1. Restricting attention to the range 316-395, which trypsin sites (Lys or Arg not before Pro) occupy a DSSP loop and are surrounded by at most 16 other Cβ atoms within 10 Å?
2. At Leu190 and Ala418, where each label point lies 7 Å from the Cα along Cα→Cβ, what is the point-to-point distance in nanometres?
3. If Glu174, Glu300 are ordered by their accessible area, calculated over protein heavy atoms with a 1.4 Å probe, which sequence runs from highest to lowest?
4. Return one whole number: the accessible area per residue of the range 89-166 in Å², for a 1.4 Å probe.
5. Suppose the chain between Ile348 and Leu168 were pulled fully straight at 0.36 nm per residue; how much longer would it get relative to their current alpha carbon spacing?
6. What spacing in nm lies between the two simple spin-label points modelled at Leu406 and Lys49, each 7 Å away from Cα in the Cβ direction?
7. With a 1.4 Å probe and every protein chain left in place, work out the accessible area per residue of the range 256-449 in Å², rounded to a whole number.
8. Heavy atoms of the protein only, probe of 1.4 Å, neighbouring chains included. What is the accessible area of Leu188 in Å², nearest 10?
Amino acid sequence: MGRPDPEEGQLPAPVKPPDGGWGWIVLLGCFVITGFSYAFPKAVSVYFKELMKDFHVGYSDTAWISSIMLAMLYGTGPVCSIMVNQFGCRPVMLIGGLLASAGMILASFTTNIIELYLTAGVLTGLGMALNFQPSLIMLGTYFDKRRPLANGLAAAGSPVFLSSLSPLGQVLLEKFGWRGGFLIMGGLLLNCCTCGAVMRPLDMGMKRKMGKAQDKYEAKEMLPIGGKSEEGISTTDGTKKGKKAKKKPKKGKKLLDFSIFSNRGFIIYTISKFILVLGLFVPPILLVNYAKDTGVPDTEAAFLLSIIGFIDIFARPACGMVAGLKWVRPHVAYLFSFSMLFNGLTDICSARASNYTGLVIFCVFFGISYGMVGALQFEVLMAIVGSQKFSSAIGLVLLIEAFAVLIGPPSAGRLVDALKNYEVIFYLAGSEVVLSALFLGVASYCCLNRGKKEPPPENNPTAGGGSDTEEAESDVQEAEEHSSDNHQPAHSTDNAVVVANEEANHVAEEQRGEGGGCPAGDGEVLARDGCNADQMVERDSF
């Protein structure tokens, strides 16, 4: 009773995340999308030598293909947010899958490096961006209590696909050449369309039907006089029809919600992520060359990245399970801060590794810490801004991270060329990651915990065992923004209650005139400890 009806220009009532069911299919789709988005730009590097021979360009020229893909993945975040808020996740992902596939197919027919930038770089990168962001949004829609575990499992797609796409690309290169390999990889990217097709929104139609049926059932149950219960129902329906004629026009939905910048937790998270990205990707990029400079053979040097990927596969789901524990989830931001601190100290402590054994130990600890960071980064953002504003938040965060991606690794490469010393680079990268960890932990404690005046509400339906104050505040703010639209159907509830009160008072007065006392059959309407009809039993549906 009093539920907002989307057909009347009102906001639909949020559906409780199922934490399972079809959500596991959505999780599988998100696993595949995450794998393609993060692993594909690295996997195409196996074709670079052939591209250098055919197009007569240098390694830095071909490396721009992967850089453009990553720049599109991060830099188009706000565009993806606008499209998702306007058209929904499923249509955007279907278009993204087609664009990603078309980019690689067209790249197989290119005749110069510029055309390769536009096809494999811009078009494929844009397509993967239109898949990656909506998949995370849908994952947050379907999971609440199990959301940390779901994020960890989805994030594991990156190392799994990296360990499989690179060998596959080498096989395709040897048998079909780089053009045939690009063509087949383009066909593989069509699986993104399949993943987009399974991202169906939570069904609202059944909820509306059940709500209308429950309205009539509750009205009948509240009115004890059978002859007048139908009158009460007709009054309720008549009131709804009368209010429908006076409805206000539908309020436009924000394409990109900049109000999240008023959230202190979001500001702290964004600054911390910017500093983190400056140094996070530097060690794995320079690791192979660093090992070769210390005298490690080429095959063993390349195997170091496989060690990181193998450890990463198990670290991400395990960290997601730990983050989902009841006593850990309320403090997931501090767990994220610890994972960054762990990663930064690993870089610093391993800067002087001078033999293969020391590098293997570094890869083991780096894989664990890197997996923890990957599993928690989006879970923390969801916990800060809430599911309703996550689409806008992730777009803006990815845009800001794009600048850090373009600054960090290239700057490290230039320092290596200038100093000819990898040790300084590892110290610098580790210091940046440690700084981001300390900033997140200290700022969260000082600015958020001490600023809380009230504990988070216990009956928050989206809490799921660990939702923090910021998510609750964002939900309340959303409700207040649309309060002008939602008050009209609520009059139906008030009318039904008024009718019930009048009928109950009438019955009570008649029975008082006959003999007084409390009527035995009106326990559902009147309070058990008295005959006052105003003391009604409160129902959960209200």
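The values are calculated or read from the model by the stated rules, or taken from the named source; none is laboratory data. Note that the coordinates shown come from a computational prediction; the quantities given were computed from them, not determined experimentally. Cβ atoms come from the backbone with ideal geometry, glycine included; neighbour counts cover every protein chain shown. Each accessible area value is taken on the protein alone, full model and side chains, heavy atoms only, with ligands, DNA and RNA left out. Shrake-Rupley method; radii C 1.70, N 1.55, O 1.52, S 1.80 Å.
1. Values: sites: Lys326, Arg352, Lys389; in loops: Lys326, Arg352, Lys389.
Those satisfying the criteria are Lys326, Arg352.
2. Output for this residue pair reads 4.9 nm.
3. Working: Glu174 140, Glu300 80 Å².
Solvent-accessible surface, decreasing: Glu174, Glu300.
4. Numbers: 2320 Å² over 78 residues.
Result: 30 Å² of accessible area for each residue.
5. Numbers: separation 180, 0.36 × 180 = 64.80 nm, distance 3.42 nm.
So the extension gain works out to 61.4 nm.
6. Going from the Leu406 label point to the Lys49 one covers 3.2 nm.
7. Working: 7980 Å² over 194 residues.
Accessible surface, normalised per residue, equals 41 Å².
8. Surface accessible to solvent at Leu188 totals approximately 50 Å².
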